[in-house]
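Data first, discussion second: the structure below is written as structure tokens.
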Amino acid sequence: MLDDVDRRLLRQLQAEPTLSVQELAERARTTPARAARRIERMEADGIIAGREALIDWAALGFHVRVSLRITVDKTVPTALDVLMAEARTIPEAIELQAFLGRVDLRLEVIARDMAHYRQVYRERILTLPHVADIEALLTLSTVKHQEEVPV
């Protein structure tokens, strides 16, 4: 599916997504026209889903990060869908993942400090519909965070 040129382009894009096509081509040892065509094809094929800015939440004053494991009340057939729709509206919720198993959802929440987190938890999390159980995991430090995939 991917050849060596594609892989070189992807490695360079992952390392520095703001490179121009000319710079990408030089680093991937190909021509700008070929690099542009390859990138266009990988975008059309969904291999490159987009380019985004990574925000350092702590630099913006959000020093508390909590991962909430939520178990949904399974006696209500639409509970999971309703809960996910409501959770999406919480501004401090930066990630929402659905799982199979005892835990149904993981909600990643950021807050400025513990007082702010307590407010978000009481006013937004505890009011979510169809919650059977919540387990909170306070992040002490991030040991590894990697967005790049080996190509």
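The numbers here are math on the coordinates, done by the rules we state, and not lab data. The model shown is predicted, which means the values in this text are computed figures rather than measured ones.
Before moving on, here are some points about what is shown:
- Rounded tilt (10° steps) of 4-15 against the dominant C-alpha axis of the chain: 50
- Computed from phi, the 3J(HN,Hα) profile of the stretch 61-74 under the Karplus parametrisation 6.51, -1.76, 1.60 (θ = phi - 60°) reads x, 9, 9, 10, 10, 10, 9, 9, 9, 10, 9, 8, 5, 7 Hz, with x in place of Gly and Pro.
- Whether the stretch 4-44 is rounded, prolate or oblate, judged on the alpha carbon gyration tensor where a/c under 1.5 counts as rounded: rounded
- Here the 3J(HN,Hα) profile of the stretch 134-146, calculated from phi with Karplus coefficients 6.51, -1.76 and 1.60 at θ = phi - 60°, is 9, 10, 9, 10, 7, 6, 8, 7, 9, 7, 8, 9, 9 Hz, Gly and Pro shown as x.
- Three-way shape label, the stretch 43-139, alpha-carbon gyration tensor, a/c 1.5: oblate
- 3J(HN,Hα) along the stretch 84-96: 5, 4, 5, 5, 4, 7, 7, x, 7, 7, 9, 8, 9 Hz, from the Karplus curve 6.51 cos²θ - 1.76 cosθ + 1.60 with θ = phi - 60°, whole Hz, x for Gly and Pro.
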